[in-house]
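The values are calculated or read from the model by the stated rules, or taken from the named source; none is laboratory data. Quick caveat, the model's predicted, so the values are computed rather than measured. So basically every Cβ, Gly included, is an ideal-geometry build from the backbone, and we count neighbours across all protein chains shown. Remember, those area values only see protein heavy atoms, side chains included, never the ligands or the DNA or RNA. Shrake-Rupley method; radii C 1.70, N 1.55, O 1.52, S 1.80 Å.
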Amino acid sequence: LQPKSGYYSMMVFLFNPYSIVLSVTKSTQCTSNLLYSIILFGIAEGSTVVVAIATALASYIGLFPVMLLVPTLVHRRSTALTGVAVFSIVFGGLQYMSYLVTGGSWEYLSAVYGFILTVPDYTPNIGAAWYFFSEMFSHFTVLFLSVYQVNLFLYALPLSLTFPRQTSLVTFCLLLLMAMFKPYTCVGDYLVPFAMLPIWLHLFRFLNHFYLVAVATVVLTLLWPVLWYLWVHCLNANSNFYFAITLAFVLFQSFLLSDLLFAQMRREYARKNGTEKKIIDGKDSVVTLN
(Lines give C-alpha, C1' and ligand atoms only; values in the text may rest on other atoms or scores of the structure.)
Protein backbone atom coordinates (compact mmCIF):
# COMPACT_ATOMS: atom_id res chain seq x y z
CA LEU A 1 0.00 0.00 0.00
CA GLN A 2 1.04 3.60 -0.57
CA PRO A 3 1.99 5.48 2.65
CA LYS A 4 -0.94 7.92 2.46
CA SER A 5 -3.55 5.65 0.86
CA GLY A 6 -5.56 5.51 4.08
CA TYR A 7 -5.57 9.31 4.35
CA TYR A 8 -6.68 9.69 0.73
CA SER A 9 -9.40 7.09 1.27
CA MET A 10 -10.73 9.03 4.26
CA MET A 11 -10.75 12.28 2.28
CA VAL A 12 -12.64 10.66 -0.60
CA PHE A 13 -15.21 9.27 1.82
CA LEU A 14 -15.74 12.54 3.71
CA PHE A 15 -15.77 15.00 0.80
CA ASN A 16 -17.32 12.83 -1.90
CA PRO A 17 -20.51 14.48 -3.27
CA TYR A 18 -22.23 11.12 -2.80
CA SER A 19 -21.46 11.31 0.92
CA ILE A 20 -22.84 14.85 1.16
CA VAL A 21 -26.05 13.86 -0.65
CA LEU A 22 -26.40 10.81 1.58
CA SER A 23 -26.08 12.92 4.73
CA VAL A 24 -28.43 15.66 3.53
CA THR A 25 -31.16 13.15 2.66
CA LYS A 26 -30.72 11.36 6.02
CA SER A 27 -30.66 7.99 4.26
CA THR A 28 -30.53 4.76 6.27
CA GLN A 29 -27.76 3.70 3.89
CA CYS A 30 -25.43 5.48 6.32
CA THR A 31 -25.98 2.57 8.72
CA SER A 32 -25.08 0.01 6.07
CA ASN A 33 -21.97 1.98 5.11
CA LEU A 34 -20.92 2.02 8.76
CA LEU A 35 -21.25 -1.76 8.89
CA TYR A 36 -19.28 -2.12 5.64
CA SER A 37 -16.53 -0.03 7.22
CA ILE A 38 -16.52 -2.33 10.25
CA ILE A 39 -16.24 -5.33 7.93
CA LEU A 40 -13.20 -3.75 6.26
CA PHE A 41 -11.74 -2.99 9.69
CA GLY A 42 -12.18 -6.63 10.69
CA ILE A 43 -10.48 -7.74 7.47
CA ALA A 44 -7.55 -5.41 8.12
CA GLU A 45 -7.22 -6.66 11.70
CA GLY A 46 -7.59 -10.30 10.68
CA SER A 47 -10.63 -10.78 12.95
CA THR A 48 -13.11 -13.28 11.55
CA VAL A 49 -15.46 -12.66 14.49
CA VAL A 50 -15.70 -8.92 13.80
CA VAL A 51 -16.33 -9.57 10.11
CA ALA A 52 -18.99 -12.16 10.92
CA ILE A 53 -20.84 -9.90 13.37
CA ALA A 54 -20.79 -6.87 11.06
CA THR A 55 -21.84 -9.02 8.09
CA ALA A 56 -24.75 -10.46 10.09
CA LEU A 57 -25.93 -6.95 11.01
CA ALA A 58 -25.61 -5.72 7.42
CA SER A 59 -27.38 -8.83 6.08
CA TYR A 60 -30.20 -8.29 8.57
CA ILE A 61 -30.79 -4.90 6.95
CA GLY A 62 -30.37 -5.77 3.29
CA LEU A 63 -29.78 -9.53 2.83
CA PHE A 64 -27.24 -9.17 -0.02
CA PRO A 65 -24.23 -8.36 2.24
CA VAL A 66 -24.22 -12.00 3.38
CA MET A 67 -21.74 -12.71 0.57
CA LEU A 68 -19.21 -10.32 2.12
CA LEU A 69 -18.36 -13.08 4.59
CA VAL A 70 -17.13 -15.42 1.85
CA PRO A 71 -13.71 -13.79 1.17
CA THR A 72 -12.77 -13.93 4.86
CA LEU A 73 -13.87 -17.56 5.18
CA VAL A 74 -11.78 -18.54 2.15
CA HIS A 75 -8.73 -16.57 3.31
CA ARG A 76 -8.90 -17.72 6.95
CA ARG A 77 -10.07 -21.30 6.61
CA SER A 78 -8.85 -22.22 10.08
CA THR A 79 -11.48 -19.91 11.60
CA ALA A 80 -14.16 -20.46 8.96
CA LEU A 81 -16.39 -22.55 11.23
CA THR A 82 -16.14 -19.93 13.95
CA GLY A 83 -17.16 -17.24 11.47
CA VAL A 84 -20.14 -19.23 10.23
CA ALA A 85 -21.23 -19.98 13.80
CA VAL A 86 -20.97 -16.34 14.91
CA PHE A 87 -22.81 -15.16 11.82
CA SER A 88 -25.58 -17.72 12.33
CA ILE A 89 -26.02 -16.86 16.02
CA VAL A 90 -26.13 -13.09 15.46
CA PHE A 91 -28.34 -13.25 12.37
CA GLY A 92 -30.66 -15.82 13.95
CA GLY A 93 -30.84 -13.80 17.17
CA LEU A 94 -31.83 -10.68 15.25
CA GLN A 95 -34.55 -12.58 13.42
CA TYR A 96 -35.93 -13.94 16.69
CA MET A 97 -35.93 -10.46 18.21
CA SER A 98 -37.85 -9.20 15.19
CA TYR A 99 -40.29 -12.06 15.64
CA LEU A 100 -40.92 -10.99 19.22
CA VAL A 101 -41.17 -7.29 18.39
CA THR A 102 -43.77 -7.93 15.68
CA GLY A 103 -45.98 -9.82 18.14
CA GLY A 104 -44.93 -13.35 17.33
CA SER A 105 -45.40 -13.11 13.57
CA TRP A 106 -43.08 -14.05 10.74
CA GLU A 107 -44.91 -11.88 8.22
CA TYR A 108 -42.13 -9.31 8.38
CA LEU A 109 -39.89 -11.73 6.43
CA SER A 110 -41.99 -11.38 3.29
CA ALA A 111 -42.39 -7.65 3.87
CA VAL A 112 -38.62 -7.09 4.17
CA TYR A 113 -36.64 -9.83 2.43
CA GLY A 114 -39.48 -10.88 0.16
CA PHE A 115 -39.76 -7.31 -1.08
CA ILE A 116 -36.03 -7.27 -1.88
CA LEU A 117 -36.12 -10.60 -3.72
CA THR A 118 -39.40 -10.24 -5.64
CA VAL A 119 -38.90 -6.56 -6.64
CA PRO A 120 -42.59 -5.57 -6.75
CA ASP A 121 -41.91 -1.80 -6.86
CA TYR A 122 -40.62 -0.40 -10.16
CA THR A 123 -40.07 3.15 -8.99
CA PRO A 124 -37.15 4.56 -11.04
CA ASN A 125 -33.79 4.77 -9.29
CA ILE A 126 -30.14 4.90 -10.32
CA GLY A 127 -29.99 1.14 -10.87
CA ALA A 128 -30.97 -0.85 -13.94
CA ALA A 129 -33.46 -3.32 -12.44
CA TRP A 130 -36.54 -1.05 -12.41
CA TYR A 131 -36.61 -0.57 -16.18
CA PHE A 132 -35.55 -4.14 -16.89
CA PHE A 133 -38.49 -5.66 -15.03
CA SER A 134 -41.08 -3.01 -15.90
CA GLU A 135 -40.58 -3.68 -19.63
CA MET A 136 -40.59 -7.46 -19.30
CA PHE A 137 -43.50 -9.71 -20.26
CA SER A 138 -45.25 -10.79 -17.08
CA HIS A 139 -45.04 -14.53 -17.80
CA PHE A 140 -41.21 -14.29 -17.92
CA THR A 141 -40.87 -12.32 -14.70
CA VAL A 142 -40.19 -15.25 -12.35
CA LEU A 143 -37.49 -16.73 -14.61
CA PHE A 144 -35.59 -13.52 -15.22
CA LEU A 145 -36.03 -12.34 -11.65
CA SER A 146 -34.50 -15.59 -10.38
CA VAL A 147 -31.58 -15.31 -12.80
CA TYR A 148 -31.06 -11.64 -11.91
CA GLN A 149 -30.97 -12.30 -8.17
CA VAL A 150 -28.78 -15.41 -8.39
CA ASN A 151 -26.37 -13.50 -10.64
CA LEU A 152 -25.51 -11.18 -7.76
CA PHE A 153 -24.33 -14.07 -5.56
CA LEU A 154 -22.39 -15.98 -8.24
CA TYR A 155 -19.22 -13.88 -8.05
CA ALA A 156 -18.37 -14.21 -4.35
CA LEU A 157 -16.82 -17.69 -4.33
CA PRO A 158 -14.96 -17.54 -7.70
CA LEU A 159 -13.39 -14.18 -6.86
CA SER A 160 -12.45 -15.37 -3.37
CA LEU A 161 -10.78 -18.49 -4.76
CA THR A 162 -8.99 -16.55 -7.51
CA PHE A 163 -7.63 -13.92 -5.09
CA PRO A 164 -7.49 -15.78 -1.75
CA ARG A 165 -4.98 -13.37 -0.21
CA GLN A 166 -6.59 -10.19 -1.54
CA THR A 167 -9.59 -10.15 0.80
CA SER A 168 -10.00 -6.37 0.71
CA LEU A 169 -9.91 -6.34 -3.10
CA VAL A 170 -12.55 -9.05 -3.34
CA THR A 171 -14.71 -7.21 -0.78
CA PHE A 172 -14.42 -4.06 -2.89
CA CYS A 173 -15.54 -6.02 -5.95
CA LEU A 174 -18.54 -7.47 -4.12
CA LEU A 175 -19.57 -4.05 -2.76
CA LEU A 176 -19.38 -2.58 -6.26
CA LEU A 177 -21.33 -5.51 -7.70
CA MET A 178 -24.02 -5.01 -5.06
CA ALA A 179 -24.27 -1.34 -5.96
CA MET A 180 -24.52 -2.20 -9.65
CA PHE A 181 -27.06 -5.03 -9.51
CA LYS A 182 -29.16 -4.73 -6.35
CA PRO A 183 -32.78 -3.90 -7.21
CA TYR A 184 -33.06 -0.69 -5.20
CA THR A 185 -29.80 1.20 -5.57
CA CYS A 186 -28.97 4.63 -4.15
CA VAL A 187 -25.89 6.83 -4.45
CA GLY A 188 -24.79 5.69 -0.98
CA ASP A 189 -24.17 2.17 -2.30
CA TYR A 190 -21.28 3.50 -4.39
CA LEU A 191 -19.78 5.58 -1.59
CA VAL A 192 -17.72 2.88 0.18
CA PRO A 193 -16.35 1.30 -3.06
CA PHE A 194 -15.31 4.71 -4.39
CA ALA A 195 -13.69 5.59 -1.06
CA MET A 196 -11.68 2.35 -1.21
CA LEU A 197 -10.07 3.19 -4.55
CA PRO A 198 -7.08 5.10 -3.06
CA ILE A 199 -6.12 1.89 -1.23
CA TRP A 200 -4.95 0.53 -4.58
CA LEU A 201 -2.87 3.45 -5.74
CA HIS A 202 -0.10 0.94 -6.38
CA LEU A 203 -2.31 -0.64 -9.07
CA PHE A 204 -3.07 2.58 -10.93
CA ARG A 205 0.00 2.24 -13.14
CA PHE A 206 -1.45 -1.02 -14.43
CA LEU A 207 -4.93 0.37 -15.16
CA ASN A 208 -5.95 0.96 -18.77
CA HIS A 209 -9.28 2.77 -18.52
CA PHE A 210 -9.25 4.61 -15.18
CA TYR A 211 -9.39 8.15 -16.60
CA LEU A 212 -12.15 7.20 -19.02
CA VAL A 213 -14.18 5.67 -16.19
CA ALA A 214 -13.51 8.63 -13.89
CA VAL A 215 -14.66 11.20 -16.45
CA ALA A 216 -17.69 9.12 -17.43
CA THR A 217 -18.66 8.71 -13.76
CA VAL A 218 -18.56 12.48 -13.17
CA VAL A 219 -20.48 13.31 -16.35
CA LEU A 220 -23.15 10.66 -15.82
CA THR A 221 -23.58 11.67 -12.19
CA LEU A 222 -24.30 15.24 -13.32
CA LEU A 223 -26.73 13.98 -15.97
CA TRP A 224 -28.82 11.97 -13.48
CA PRO A 225 -30.74 14.94 -12.04
CA VAL A 226 -30.89 16.68 -15.43
CA LEU A 227 -32.57 13.75 -17.19
CA TRP A 228 -34.82 13.14 -14.20
CA TYR A 229 -35.97 16.75 -14.23
CA LEU A 230 -36.61 16.70 -17.98
CA TRP A 231 -38.57 13.46 -17.72
CA VAL A 232 -40.62 13.87 -14.53
CA HIS A 233 -41.04 17.63 -14.18
CA CYS A 234 -40.78 19.11 -17.69
CA LEU A 235 -42.22 16.09 -19.55
CA ASN A 236 -39.77 16.79 -22.38
CA ALA A 237 -38.17 13.33 -22.27
CA ASN A 238 -39.18 9.76 -21.48
CA SER A 239 -37.90 6.90 -19.37
CA ASN A 240 -35.51 5.71 -22.09
CA PHE A 241 -33.32 8.79 -21.68
CA TYR A 242 -33.01 8.34 -17.94
CA PHE A 243 -32.50 4.59 -18.23
CA ALA A 244 -29.71 5.16 -20.78
CA ILE A 245 -27.83 7.20 -18.19
CA THR A 246 -28.24 4.58 -15.46
CA LEU A 247 -27.26 1.76 -17.82
CA ALA A 248 -24.18 3.65 -19.00
CA PHE A 249 -23.18 4.29 -15.38
CA VAL A 250 -23.41 0.58 -14.55
CA LEU A 251 -21.46 -0.25 -17.71
CA PHE A 252 -18.56 2.05 -16.81
CA GLN A 253 -18.45 0.68 -13.27
CA SER A 254 -18.11 -2.81 -14.76
CA PHE A 255 -15.14 -1.43 -16.75
CA LEU A 256 -13.62 -0.21 -13.50
CA LEU A 257 -14.16 -3.57 -11.85
CA SER A 258 -12.62 -5.63 -14.63
CA ASP A 259 -9.78 -3.13 -15.10
CA LEU A 260 -8.84 -3.26 -11.41
CA LEU A 261 -8.88 -7.07 -11.33
CA PHE A 262 -6.76 -7.23 -14.46
CA ALA A 263 -4.37 -4.67 -12.93
CA GLN A 264 -3.94 -6.94 -9.90
CA MET A 265 -3.13 -9.87 -12.19
CA ARG A 266 -0.65 -7.78 -14.16
CA ARG A 267 1.04 -6.64 -10.95
CA GLU A 268 1.35 -10.21 -9.70
CA TYR A 269 2.84 -11.19 -13.08
CA ALA A 270 5.28 -8.25 -12.91
CA ARG A 271 6.40 -9.23 -9.41
CA LYS A 272 7.19 -12.76 -10.56
CA ASN A 273 8.63 -12.04 -14.00
CA GLY A 274 9.83 -8.44 -13.82
CA THR A 275 8.55 -5.35 -15.59
CA GLU A 276 10.84 -5.49 -18.63
CA LYS A 277 9.08 -6.36 -21.86
CA LYS A 278 10.43 -9.36 -23.69
CA ILE A 279 11.08 -9.03 -27.40
CA ILE A 280 9.22 -11.54 -29.57
CA ASP A 281 9.86 -11.41 -33.34
CA GLY A 282 11.10 -7.85 -33.04
CA LYS A 283 8.02 -6.63 -31.12
CA ASP A 284 7.36 -5.99 -27.44
CA SER A 285 5.33 -8.72 -25.77
CA VAL A 286 1.94 -7.88 -24.26
CA VAL A 287 0.36 -9.61 -21.27
CA THR A 288 -3.15 -10.77 -22.12
CA LEU A 289 -5.81 -12.90 -20.44
CA ASN A 290 -6.72 -16.19 -22.04
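Counted without the sites themselves, the longest stretch of the chain free of GluC sites (Glu not before Pro) in a DSSP loop having at most 12 other beta carbon atoms within 10 Å is 136-275.
Put a dot 7 Å past the Cα of Val219, heading toward its Cβ, do the same for Val49, and the two dots end up 5.1 nm apart. The Cα center of the range 53-87 and the Cα center of the range 124-190 differ in position by 18 Å.
Here the range 127-198 has an Rg and Dmax of 14.4, 45 Å, counting Cα atoms alone. How high is the FRET efficiency from Leu34 to Arg77, r the C-beta distance, R0 30 Å, rounded to 0.05? That gives a FRET efficiency of 0.60. Multiplying the residue separation of Met136 and Val150 by 0.36 nm and removing their Cα-Cα distance gives an extension gain of 3.2 nm.
Given their separation in residues at 0.36 nm each and the Cα-Cα distance between them, Val101 and Phe255 gain 51.0 nm when the chain is fully extended. A 1.4 Å probe run over the protein chains yields, for the range 39-168, 53 Å² of accessible area per residue, whole-number rounding. Accessible surface of the range 72-230, 1.4 Å probe: 72 percent of it comes from carbon and sulfur atoms.
By a 1.4 Å probe calculation restricted to protein chains, Thr118 has an accessible surface near 80 Å², given to the nearest 10. Using a 10 angstrom Cβ neighbour count of at most 15 plus a DSSP loop assignment to flag exposed trypsin sites (Lys or Arg not before Pro), which longest range of the chain is free of such sites? The longest such stretch corresponds to 27-164.
Compactness of the range 18-173 is given as radius of gyration and Dmax, 17.2, 49 Å, from Cα positions.
Once each of the chymotrypsin sites (Phe, Trp or Tyr not before Pro) sitting in a DSSP loop with at most 12 other beta-carbon atoms within 10 Å is removed, the chain keeps 138-290 as its longest stretch. Would you please classify the overall shape of the chain from the alpha carbon gyration tensor, given that a ≥ b ≥ c denote the square roots of the eigenvalues, rounded means a/c under 1.5, and beyond that prolate means a/b larger than b/c while oblate covers the rest? In terms of gyration-tensor shape, oblate. Estimated from helical segments only, the mean residue ellipticity of the chain at 222 nm is -21500 deg cm²/dmol, where each DSSP H run of four or more residues counts as -39500 (n - 2.57).
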